[in-house]
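Novice: Quick one: this structure, given as structure tokens, is what I'll be asking you about.
FYI, it's all coordinate maths here, none of it is from the lab. These figures come from a predicted structure and were not determined experimentally. We place every Cβ from the backbone using ideal geometry, glycine too, and count neighbours over all the protein chains shown.
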Amino acid sequence: MVPLLDEQFSVLAEVSRQGFVRLYQVEASGGQKGWLFWFEVHTPEARTAFHRYKNAIRRLETQGFLPEGVVVSANPGRYYAFWPERPKGLLKTRRLKPVLEILKPFGYSEADLELGEENGQVRVVRLFPQVGHPPSSPQTQTEAMPPPAHKGAQPPGARRRWIGWLPGLLMLALGSLALLEAAHRYLNPPEYVLPDLVGKTPRQALEAVRGFGLQVEFAEGSDPSLPEDRVLKQTPDPGTRVKPGRRLELVVNKPRLGNVPTVVGRSLEDARRALEAAGYRVAGVTRIASGDTADTVLASIPREGQPIRPGEGVRLLVSSGARSPIRETLVPDLSGLTEEQARYILAVAELQAQVTRVPSGAPEGSVIAQEPSPGATLARESVVQIIVATQPGANQPKPSPFPPPRLAAPPPPEPPPSPGSGTQTNPTPPGPAERRVVVSYTLPENLPNAVVVITVQDEVIVNTLFEGPVEQPWSFNQEVVVRGSAILRVVVNGQLAVESPL
């Protein structure tokens, strides 16, 4: 009787056996012949090797390099991969490069795979598992003077000719003086004291030394903790006395960004070392139930290849071990993520996202709450409600098309009643005097956007002049009428920024 593997693959021949891996030539229940790698997973080494092999196949599948019909099983006691028979071929090295880059983090090389073509596209026909430990991926990686007059009597008209030479002589004298002044300035150039240019933009720095006659040169530096396009250093230092023609070097900040390395499919410790070697750190670890080996990295935020500043943190989604038999999963912590990142994490955890947007002072599109809370156990494909911040909508009030009313002078006080008139009235105390003031405010440059509330409180009312979200560049200017003393208050992102009498 022909033996069956997983009740669907008939064994035609046992081709080889190496360590915990056996290679069979089999025929599927549908008649498709192929090759089946069977793993005897009884040791941690065998389990790690199988899951690394399985994750490499998954990555090939997501990138479109896997032919149809490949089957991978990770059920207890049935760990195997079936590869249907496909024609092999020799491909040029440049066409192999994308496949090798995908397999490199998992320790596989060109010697571990067979390639072919399908409809003009590169396909991995077979990937051979590694029985031993794979090799660690590398991560440690600019005119003459006029002749003298004749003695004796001058001929007629000589005096007039001499007077005609006066403008030329005057111009010659002025030119000589200018030449002497230029020679003096050249031999004795003025000195200037260099101002402090650190923190200024290149344009502001050039304006500050305009007229000094310096040779300004720019160089690039990198400090991710400081704003871009700002002077980090100047040579000579501030306070140095310089003369025209002196060289001034300004180092301008151009922060260099790196890329998140590939950590999916690696163990948590391996991923941590890879991030530290690339200049990053692990910002947090979220664990969910998964069929992968415990402590296997399932996803990262930001994802691999995305640009990120050196020293910033990367959040990791890590398997907590075998899945529950009743198909349950843990709700990950989504606080502080963007909506896109939260949807991605929930999809990896096999949960669905239901988004509700509410006005909030938090950054636009960030998750501010979730239901259920992190760590709760849900059945897979359950819905998790996430609350996403959105900026409240408000329109700046349009100015009135009518001119503001003129303030009439108060009427003169009535004369006091004459004695014996028989009438007596109580005088009405005068109200607070009206006056016209101009209210102006400009959003600081270090705030790209904000929610601004501008109010004026006088002795009668509190008048809200503006309320709503704004973006750079933004300024406010409006003339208002107040009664008596008044106070201007400006609240930015819920914090009192200005409180000033008017």
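Novice: So for region 434-501, taking the charge dipole from beta-carbon charges (+1 Lys/Arg, -1 Asp/Glu), which of Val492, Leu465, Ala450 sits furthest toward the positive end?
Specialist: After comparing all options, I get Leu465.
Novice: Within 10 Å of each candidate Cβ there may be at most 15 other Cβ atoms; applying that plus a DSSP loop requirement, which GluC sites (Glu not before Pro) in region 443-491 survive?
Specialist: Glu445, Glu459
Novice: Take every DSSP beta bridge whose two residues both sit in region 266-321, then give the antiparallel share in percent to the nearest 5.
Specialist: 40 percent
Novice: Mind computing the radius of gyration and Dmax over the alpha-carbon atoms of region 434-501? Å is fine for both.
Specialist: Looking at region 434-501, its Cα Rg and Dmax stand at 12.2, 37 Å.
Novice: Within region 324-393, what percent of beta bridges assigned by DSSP are antiparallel, to the nearest 5?
Specialist: The antiparallel fraction comes to roughly 50 percent.
Novice: Find the Cα radius of gyration of region 270-347, compare it with 2.2 N^0.38 Å by division, and give the number to two decimals.
Specialist: So the Cα radius of gyration is 1.14 times the expected 2.2 N^0.38 Å.
Novice: Next question. Please report the Cα spread of region 4-127 along all three principal axes, rounded to whole Å, starting with the longest.
Specialist: Principal extents (Cα only, largest first): 39, 34, 24 Å.
Novice: Karplus couplings for region 201-216 from phi (6.51 cos²θ - 1.76 cosθ + 1.60, θ = phi - 60°), rounded to Hz, Gly and Pro as x?
Specialist: Values per residue, Gly and Pro as x: 6, x, 5, 4, 5, 5, 5, 5, 10, 4, x, 7, x, 8, 8, 8 Hz.
Novice: What Kirkwood radius, in Å to one decimal, follows from the Cα pairs of region 192-253?
Specialist: 11.6 Å
Novice: Past the 30 Å Cα-Cα mark, which pairs from Lys200/Lys243; Lys54/Lys254; Lys92/Lys254?
Specialist: Check vs 30 Å cut-off fails for Lys54/Lys254; Lys92/Lys254.
Novice: Another question, if that's okay. If neighbour count is taken as other Cβ atoms inside 10 Å, put Ile487, Ile288 in order from fewest to most.
Specialist: Ile487, Ile288
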